[in-house]
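Asker: One structure, pasted below without further comment.
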Amino acid sequence: MLRTPQISNSREEEMESLPVPSVQAMVAATGGTKVPPRYHRPEAREDSVSNDVDAEIPIIGYQRLLDPDASIEESARLHSACQDWGFFQLINHNVSHDVIEGIKANTEGFFRLPLETKKKVAQERGQLDGYGHIFVLSEDQQLDWSDVLYLNTQPPQLRNLRFWPDKPDNYRSGLPNVSHLLLFLPLNLVE
């Protein structure tokens, strides 16, 4: 039986992010020659994962997680990937290559748009949704040298379409289909 995860509006309101300038705007202003101190991450140089050029991103087999004969071993690999890396590549998940490539191309297309176009869906104070940074809690917090596009896709009643880009042309219309497909992957795992 599949269940839809429930997310309360009040929780999102508690996760308010402070506004910060976009990385693209800072690069445009300085020519990319000056990185503000709050983006310096000296601890990243000491990160054993990022410094290991021979390390391979963990690959987790979705079907193996569902297989009673392989699930214990694959679950241990998943646990290790999450603990040691913070991410992994999921294979054999039955989401078509065309769907994945479509959302990837649309997302890359969005980030190639001019800054003024992306600002049309910029985050607003009190919102996580939109283009900008998320989880900025203080003025002196160290940040990643990147911008994000955060869109709440599930459950549908919590989608804030004001922040869903209309460029590239089919981004907004294609996202619900991808979201629906991807919704079932984690739900199958926790049953």
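Asker: What full-extension length gain, to one decimal in nm, is calculated for Leu113 and Asp98 as 0.36 nm per residue of separation minus the Cα-Cα distance?
Answerer: Once the chain is fully extended between Leu113 and Asp98, it gains 3.2 nm.
Asker: If a/c stays under 1.5 just call it rounded; otherwise compare a/b with b/c (prolate if a/b is bigger, oblate if not). Do that for the stretch 79-134, with a ≥ b ≥ c from the square roots of the Cα gyration tensor eigenvalues.
Answerer: Oblate shape, in that a/c is at least 1.5 and b/c is the bigger or equal ratio.
Asker: Below 24 Å, Cα to Cα, which lysines can Lys34 reach? Residues fewer than 8 away in the same chain don't count.
Answerer: Qualifying lysines at Cα under 24 Å: Lys118, Lys119.
Asker: What order do you get for 112-119, 129-136, 67-74 when each peptide is scored by the mean count of other beta carbon atoms within 10 Å, highest first?
Answerer: Most protected by this proxy first, the peptides run 129-136, 112-119, 67-74.
Asker: Would you mind telling me the share, in percent, of accessible area of the stretch 86-191 contributed by carbon and sulfur at probe 1.4 angstrom?
Answerer: Ligands and nucleic acids excluded, carbon and sulfur reach 55 percent.
Asker: By its C-alpha gyration tensor, with a ≥ b ≥ c as the square roots of the eigenvalues, how is the stretch 30-172 shaped: rounded for a/c under 1.5, else prolate for a/b larger than b/c, else oblate?
Answerer: Since a/c reaches 1.5 but b/c is at least a/b, the shape of the stretch 30-172 is classed as oblate.
Asker: How much area per residue is accessible in the stretch 114-175 when the probe is 1.4 Å and only protein heavy atoms are counted (Å²)?
Answerer: Result: 55 Å² per residue.
The values are calculated or read from the model by the stated rules, or taken from the named source; none is laboratory data. In this text the structure is predicted, and so the values were computed from the model without any measurement. So basically every Cβ, Gly included, is an ideal-geometry build from the backbone, and we count neighbours across all protein chains shown. Quick note on the areas: whole protein, heavy atoms, side chains included, nothing else; ligands and nucleic acids left out. Shrake-Rupley method; radii C 1.70, N 1.55, O 1.52, S 1.80 Å.
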